[in-house]
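J.: One structure, pasted below without further comment.
The values are calculated or read from the model by the stated rules, or taken from the named source; none is laboratory data. All values reported here derive from a predicted model rather than from experimental measurement. Cβ: placed from backbone, ideal geometry, glycine included. Neighbour counts: every protein chain shown.
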Number of protein chains: 2
Amino acid sequence: MDQCQSQSQMCPRFEKAVEILSKRWTSLIVFQLLSGPQRFVQIDHALPNLSGKVLSERLKELEQEGIVKRVVFPESPVRIEYSLTDKGRALAPIFVEIGKWSSEWLPVPE
Amino acid sequence: MDQCQSQSQMCPRFEKAVEILSKRWTSLIVFQLLSGPQRFVQIDHALPNLSGKVLSERLKELEQEGIVKRVVFPESPVRIEYSLTDKGRALAPIFVEIGKWSSEWLPVPE
DNA sequence: TATACTCAGTTACATTAAGTAACTAAATGA
DNA sequence: TCATTTAGTTACTTAATGTAACTGAGTATA
(Lines give C-alpha, C1' and ligand atoms only; values in the text may rest on other atoms or scores of the structure.)
Protein backbone atom coordinates (compact mmCIF):
# COMPACT_ATOMS: atom_id res chain seq x y z
CA MET A 1 0.00 0.00 0.00
CA ASP A 2 0.81 3.62 -0.70
CA GLN A 3 3.66 3.19 -3.11
CA CYS A 4 3.66 6.83 -4.20
CA GLN A 5 3.02 8.68 -0.99
CA SER A 6 6.01 10.61 0.08
CA GLN A 7 8.21 11.05 -2.98
CA SER A 8 7.80 12.26 -6.48
CA GLN A 9 8.44 9.88 -9.33
CA MET A 10 9.42 12.79 -11.54
CA CYS A 11 12.98 13.45 -12.58
CA PRO A 12 14.34 16.01 -10.14
CA ARG A 13 16.19 17.89 -12.89
CA PHE A 14 13.02 18.19 -14.92
CA GLU A 15 11.19 19.39 -11.84
CA LYS A 16 13.92 21.91 -11.15
CA ALA A 17 13.69 23.23 -14.71
CA VAL A 18 9.94 23.65 -14.39
CA GLU A 19 10.41 25.33 -11.05
CA ILE A 20 12.81 27.87 -12.55
CA LEU A 21 10.70 28.56 -15.60
CA SER A 22 7.40 28.77 -13.83
CA LYS A 23 8.37 31.41 -11.35
CA ARG A 24 6.44 34.53 -12.21
CA TRP A 25 8.25 36.76 -14.78
CA THR A 26 11.27 34.50 -15.15
CA SER A 27 10.31 33.18 -18.58
CA LEU A 28 9.44 36.58 -19.95
CA ILE A 29 12.72 38.05 -18.70
CA VAL A 30 14.72 35.25 -20.31
CA PHE A 31 12.71 35.60 -23.52
CA GLN A 32 13.35 39.31 -23.55
CA LEU A 33 17.09 38.72 -23.13
CA LEU A 34 17.08 36.33 -26.08
CA SER A 35 16.97 39.44 -28.26
CA GLY A 36 20.34 40.54 -26.91
CA PRO A 37 22.08 42.09 -23.91
CA GLN A 38 20.05 44.75 -22.20
CA ARG A 39 20.16 47.23 -19.38
CA PHE A 40 17.93 47.12 -16.36
CA VAL A 41 15.52 49.84 -17.53
CA GLN A 42 15.24 48.35 -21.00
CA ILE A 43 13.98 45.07 -19.60
CA ASP A 44 11.77 46.95 -17.19
CA HIS A 45 10.20 48.99 -20.01
CA ALA A 46 9.81 46.00 -22.28
CA LEU A 47 7.79 44.16 -19.67
CA PRO A 48 4.98 46.38 -18.46
CA ASN A 49 3.61 45.52 -15.02
CA LEU A 50 6.97 44.14 -13.99
CA SER A 51 8.25 46.22 -11.11
CA GLY A 52 11.89 47.10 -10.57
CA LYS A 53 11.71 45.26 -7.30
CA VAL A 54 10.75 41.91 -8.79
CA LEU A 55 13.03 42.44 -11.79
CA SER A 56 16.04 42.88 -9.55
CA GLU A 57 15.05 39.80 -7.53
CA ARG A 58 14.63 37.69 -10.67
CA LEU A 59 17.87 38.85 -12.24
CA LYS A 60 19.74 37.86 -9.09
CA GLU A 61 18.08 34.44 -9.07
CA LEU A 62 18.83 33.90 -12.75
CA GLU A 63 22.43 34.95 -12.19
CA GLN A 64 22.74 32.40 -9.40
CA GLU A 65 21.32 29.72 -11.69
CA GLY A 66 23.95 30.63 -14.27
CA ILE A 67 21.32 31.61 -16.81
CA VAL A 68 21.97 35.35 -16.84
CA LYS A 69 25.22 37.25 -16.47
CA ARG A 70 25.60 40.80 -15.25
CA VAL A 71 28.41 42.80 -16.77
CA VAL A 72 29.53 46.15 -15.39
CA PHE A 73 31.09 48.57 -17.90
CA PRO A 74 33.18 51.02 -15.90
CA GLU A 75 32.24 54.02 -17.99
CA SER A 76 30.93 57.21 -16.58
CA PRO A 77 28.20 56.81 -15.65
CA VAL A 78 28.62 53.11 -15.12
CA ARG A 79 26.67 50.91 -17.51
CA ILE A 80 25.36 47.53 -16.46
CA GLU A 81 24.28 44.99 -19.01
CA TYR A 82 22.37 41.78 -18.47
CA SER A 83 22.73 38.99 -20.97
CA LEU A 84 22.17 35.26 -21.31
CA THR A 85 24.87 32.69 -20.75
CA ASP A 86 25.09 29.61 -22.98
CA LYS A 87 22.86 27.87 -20.47
CA GLY A 88 20.37 30.69 -20.83
CA ARG A 89 20.44 30.76 -24.62
CA ALA A 90 19.88 27.01 -24.59
CA LEU A 91 16.36 27.73 -23.34
CA ALA A 92 15.43 29.16 -26.74
CA PRO A 93 13.90 25.94 -28.16
CA ILE A 94 11.45 25.89 -25.26
CA PHE A 95 10.22 29.33 -26.27
CA VAL A 96 10.01 28.26 -29.89
CA GLU A 97 7.65 25.47 -28.84
CA ILE A 98 5.62 27.79 -26.65
CA GLY A 99 5.34 30.12 -29.64
CA LYS A 100 4.16 27.31 -31.90
CA TRP A 101 1.58 26.14 -29.40
CA SER A 102 0.26 29.63 -28.77
CA SER A 103 -0.14 30.43 -32.45
CA GLU A 104 -1.86 27.14 -33.09
CA TRP A 105 -4.14 26.93 -30.09
CA LEU A 106 -4.75 30.36 -28.64
CA PRO A 107 -7.29 32.70 -30.19
CA VAL A 108 -6.12 35.87 -31.91
CA PRO A 109 -7.23 38.80 -29.77
CA GLU A 110 -9.42 41.25 -31.71
CA MET B 1 11.04 59.66 -27.48
CA ASP B 2 9.75 56.80 -25.42
CA GLN B 3 8.71 54.41 -28.15
CA CYS B 4 8.30 51.44 -25.81
CA GLN B 5 6.79 52.96 -22.72
CA SER B 6 3.26 51.84 -22.20
CA GLN B 7 2.74 48.70 -24.24
CA SER B 8 4.44 45.40 -24.65
CA GLN B 9 5.93 44.58 -28.02
CA MET B 10 5.46 40.90 -27.31
CA CYS B 11 2.90 38.80 -29.07
CA PRO B 12 -0.15 38.66 -26.79
CA ARG B 13 -0.78 34.99 -27.56
CA PHE B 14 2.78 34.12 -26.64
CA GLU B 15 2.43 36.12 -23.45
CA LYS B 16 -0.82 34.37 -22.65
CA ALA B 17 0.83 30.96 -23.15
CA VAL B 18 3.65 31.91 -20.80
CA GLU B 19 1.14 33.21 -18.31
CA ILE B 20 -0.75 29.91 -18.33
CA LEU B 21 2.37 27.77 -18.10
CA SER B 22 4.14 29.81 -15.50
CA LYS B 23 1.41 29.74 -12.93
CA ARG B 24 2.60 27.65 -10.02
CA TRP B 25 1.82 23.90 -10.42
CA THR B 26 0.12 24.26 -13.78
CA SER B 27 2.98 22.80 -15.80
CA LEU B 28 3.50 19.89 -13.47
CA ILE B 29 -0.21 19.06 -13.48
CA VAL B 30 -0.30 19.08 -17.28
CA PHE B 31 2.87 17.02 -17.44
CA GLN B 32 1.40 14.53 -15.03
CA LEU B 33 -1.74 14.24 -17.17
CA LEU B 34 0.38 13.54 -20.26
CA SER B 35 0.77 10.03 -18.87
CA GLY B 36 -2.96 9.48 -19.18
CA PRO B 37 -6.32 10.28 -17.57
CA GLN B 38 -6.19 10.40 -13.82
CA ARG B 39 -8.35 10.92 -10.79
CA PHE B 40 -8.02 13.79 -8.38
CA VAL B 41 -6.14 11.89 -5.69
CA GLN B 42 -3.77 10.30 -8.17
CA ILE B 43 -2.60 13.70 -9.35
CA ASP B 44 -2.49 14.88 -5.75
CA HIS B 45 -0.31 11.95 -4.72
CA ALA B 46 1.94 12.22 -7.75
CA LEU B 47 2.75 15.83 -6.91
CA PRO B 48 3.90 16.05 -3.32
CA ASN B 49 3.50 19.48 -1.71
CA LEU B 50 0.58 20.22 -3.96
CA SER B 51 -2.48 20.72 -1.79
CA GLY B 52 -5.97 19.62 -2.74
CA LYS B 53 -7.01 23.23 -2.54
CA VAL B 54 -4.60 24.47 -5.20
CA LEU B 55 -5.09 21.35 -7.30
CA SER B 56 -8.82 21.94 -7.50
CA GLU B 57 -8.24 25.60 -8.37
CA ARG B 58 -5.76 24.72 -11.12
CA LEU B 59 -7.93 21.99 -12.60
CA LYS B 60 -10.81 24.46 -12.89
CA GLU B 61 -8.57 27.03 -14.56
CA LEU B 62 -7.18 24.46 -16.97
CA GLU B 63 -10.68 23.29 -17.77
CA GLN B 64 -11.69 26.85 -18.57
CA GLU B 65 -8.68 27.19 -20.85
CA GLY B 66 -9.77 24.05 -22.67
CA ILE B 67 -6.57 22.23 -21.75
CA VAL B 68 -8.06 19.72 -19.32
CA LYS B 69 -11.40 17.97 -19.40
CA ARG B 70 -13.26 16.56 -16.43
CA VAL B 71 -15.32 13.46 -17.06
CA VAL B 72 -17.80 12.08 -14.54
CA PHE B 73 -18.43 8.33 -14.67
CA PRO B 74 -21.81 7.71 -13.06
CA GLU B 75 -20.75 4.55 -11.29
CA SER B 76 -21.24 3.94 -7.65
CA PRO B 77 -19.36 5.57 -6.14
CA VAL B 78 -19.00 8.16 -8.83
CA ARG B 79 -15.61 8.30 -10.52
CA ILE B 80 -14.19 11.55 -11.88
CA GLU B 81 -11.36 11.52 -14.34
CA TYR B 82 -9.23 14.39 -15.50
CA SER B 83 -7.53 14.20 -18.87
CA LEU B 84 -5.95 16.43 -21.47
CA THR B 85 -7.78 17.74 -24.49
CA ASP B 86 -6.04 17.95 -27.89
CA LYS B 87 -5.02 21.45 -26.92
CA GLY B 88 -3.53 20.09 -23.74
CA ARG B 89 -1.69 17.22 -25.41
CA ALA B 90 -0.27 19.71 -27.89
CA LEU B 91 1.81 21.11 -25.03
CA ALA B 92 3.92 17.94 -25.02
CA PRO B 93 6.73 19.29 -27.26
CA ILE B 94 7.31 22.10 -24.77
CA PHE B 95 7.94 19.53 -22.05
CA VAL B 96 10.21 17.57 -24.36
CA GLU B 97 12.35 20.69 -24.76
CA ILE B 98 12.32 21.38 -21.04
CA GLY B 99 13.45 17.81 -20.49
CA LYS B 100 16.29 18.18 -22.99
CA TRP B 101 17.46 21.43 -21.44
CA SER B 102 17.32 20.06 -17.92
CA SER B 103 19.30 16.94 -18.76
CA GLU B 104 21.91 18.95 -20.62
CA TRP B 105 22.31 21.91 -18.28
CA LEU B 106 21.19 21.00 -14.79
CA PRO B 107 23.47 19.06 -12.45
CA VAL B 108 22.56 15.52 -11.47
CA PRO B 109 21.64 15.57 -7.80
CA GLU B 110 23.77 13.21 -5.73
C1' DT C 1 24.01 77.08 -10.05
C1' DA C 2 19.84 75.23 -9.14
C1' DT C 3 16.52 71.91 -11.19
C1' DA C 4 15.27 68.06 -13.35
C1' DC C 5 16.20 63.63 -15.22
C1' DT C 6 18.41 58.92 -15.85
C1' DC C 7 20.08 54.59 -14.08
C1' DA C 8 20.14 50.76 -11.02
C1' DG C 9 18.31 49.60 -7.81
C1' DT C 10 16.13 49.45 -2.43
C1' DT C 11 12.60 50.13 1.23
C1' DA C 12 8.07 50.18 3.37
C1' DC C 13 3.52 48.94 3.00
C1' DA C 14 -0.78 46.67 0.90
C1' DT C 15 -2.74 42.99 -1.63
C1' DT C 16 -2.89 38.43 -3.50
C1' DA C 17 -1.56 33.72 -3.88
C1' DA C 18 -0.22 29.56 -1.79
C1' DG C 19 0.47 26.32 2.13
C1' DT C 20 -1.64 23.80 6.21
C1' DA C 21 -4.92 21.48 8.44
C1' DA C 22 -9.34 20.32 9.50
C1' DC C 23 -13.79 19.28 7.68
C1' DT C 24 -17.89 17.46 4.52
C1' DA C 25 -20.86 13.91 2.47
C1' DA C 26 -21.53 9.89 0.16
C1' DA C 27 -19.95 5.23 -0.41
C1' DT C 28 -17.04 1.11 0.74
C1' DG C 29 -14.39 -2.13 3.49
C1' DA C 30 -12.95 -4.66 7.88
C1' DT D 1 -19.71 -0.09 13.92
C1' DC D 2 -15.66 2.33 12.91
C1' DA D 3 -12.34 3.54 9.71
C1' DT D 4 -11.13 4.74 5.03
C1' DT D 5 -11.61 6.58 0.30
C1' DT D 6 -12.93 10.18 -2.97
C1' DA D 7 -13.48 14.85 -4.43
C1' DG D 8 -13.40 18.47 -2.83
C1' DT D 9 -14.27 23.01 0.51
C1' DT D 10 -13.39 26.21 4.47
C1' DA D 11 -10.75 28.85 7.76
C1' DC D 12 -6.44 30.47 8.94
C1' DT D 13 -1.34 31.38 8.29
C1' DT D 14 2.62 32.43 5.66
C1' DA D 15 4.97 33.64 1.51
C1' DA D 16 5.11 36.07 -2.92
C1' DT D 17 3.81 40.16 -5.65
C1' DG D 18 2.35 44.71 -6.60
C1' DT D 19 2.65 49.80 -5.63
C1' DA D 20 4.81 53.76 -4.76
C1' DA D 21 8.15 56.47 -2.92
C1' DC D 22 13.00 56.98 -2.18
C1' DT D 23 18.53 56.75 -2.78
C1' DG D 24 22.76 58.33 -4.65
C1' DA D 25 25.72 58.91 -8.24
C1' DG D 26 26.06 61.10 -12.67
C1' DT D 27 24.23 64.09 -16.58
C1' DA D 28 21.72 67.47 -19.04
C1' DT D 29 18.97 71.81 -19.06
C1' DA D 30 17.70 76.74 -17.91
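J.: Taking the range B:14-36 as the region of interest, how many residues are among the aromatic types (Phe, Trp, Tyr), within 13 Å of DNA strand D (Cβ to nearest atom) and at the interface with another protein chain (Cβ under 7 Å from one of its Cβ atoms)? Give the steps one after another, and end with the answer.
T.: The initial filter retains those residues of the range B:14-36 that are among the aromatic types (Phe, Trp, Tyr), namely B:14, B:25, B:31.
Those left that are additionally within 13 Å of DNA strand D (Cβ to nearest atom): B:25.
Cutting the leftovers down to at the interface with another protein chain (Cβ under 7 Å from one of its Cβ atoms) gives us none.
Looking only at that region, the number is 0.
J.: Still on this structure: Which residues, counting only those in the range A:83-95, are surrounded by fewer than 19 Cβ atoms within 10 Å (Cβ to Cβ) and assigned to a loop (DSSP other than H, G, I, E, B)?
T.: The answer is A:Thr85, A:Ala90.
J.: Among A:Ile98, A:Ile67, A:Ile80, which is the only one that is more than 7 Å from every other protein chain (Cβ to nearest Cβ) and surrounded by 15 or more Cβ atoms within 10 Å (Cβ to Cβ)? Lay out the reasoning, then the answer.
T.: On the way: A:Ile98 fails: more than 7 Å from every other protein chain (Cβ to nearest Cβ); A:Ile80 fails: surrounded by 15 or more Cβ atoms within 10 Å (Cβ to Cβ).
Within the list A:Ile98, A:Ile67, A:Ile80, the selection yields A:Ile67.
J.: May I pose another question? For B:Pro109, all conditions in the list (1) modelled with pLDDT of 95 or more; (2) within 18 Å of A:Met10 (Cβ to Cβ); (3) more than 16 Å from DNA strand C (Cβ to nearest atom) hold save one; what is the number of the exception?
T.: Evaluating B:Pro109 over (1) modelled with pLDDT of 95 or more; (2) within 18 Å of A:Met10 (Cβ to Cβ); (3) more than 16 Å from DNA strand C (Cβ to nearest atom) leaves (1) as the failure.
J.: Being at positive phi, within 16 Å of DNA strand C (Cβ to nearest atom) and touching a strand residue (DSSP E or B) at 6+ places or on another chain (Cβ under 8 Å), is that true of even one residue in the range A:38-47?
T.: Restricting attention to the range A:38-47, the residues satisfying the condition of being at positive phi are none.
There is no residue in the range A:38-47 that is at positive phi, within 16 Å of DNA strand C (Cβ to nearest atom) and touching a strand residue (DSSP E or B) at 6+ places or on another chain (Cβ under 8 Å).
J.: What number of residues within the range A:41-60 satisfy the criterion of being assigned to a helix (DSSP H, G or I), within 13 Å of DNA strand D (Cβ to nearest atom) and within 14 Å of chain B (Cβ to nearest Cβ)?
T.: 4
J.: So in the range A:83-94, with the set limited to residues that are within 8 Å of chain B (Cβ to nearest Cβ) and in contact (Cβ under 8 Å) with a residue 24 or more places away in the chain, which one is farthest from B:Ile94 (Cα to Cα)? Talk me through it step by step, then tell me what you get.
T.: Taking the range A:83-94 first, the residues within 8 Å of chain B (Cβ to nearest Cβ) are A:87, A:90-91, A:93-94.
Imposing the further condition that a residue be in contact (Cβ under 8 Å) with a residue 24 or more places away in the chain reduces the set to A:91, A:94.
Details: A:Leu91: 11, A:Ile94: 6 Å.
In this case the residue turns out to be A:Leu91.
J.: Filter the range A:50-64 for residues that are exposed (fewer than 13 other Cβ atoms within 10 Å of the Cβ) and among the basic types (Lys, Arg); which is farthest from DNA strand C (Cβ to nearest atom)?
T.: Per the criteria, the residue is A:Lys60.
J.: For B:His45, all conditions in the list (1) touching a Phe, Trp or Tyr at 6+ places or on another chain (Cβ under 8 Å); (2) over 30 Å from A:Val68 (Cβ atoms) hold save one; what is the number of the exception?
T.: All conditions pass for B:His45, except number (1).
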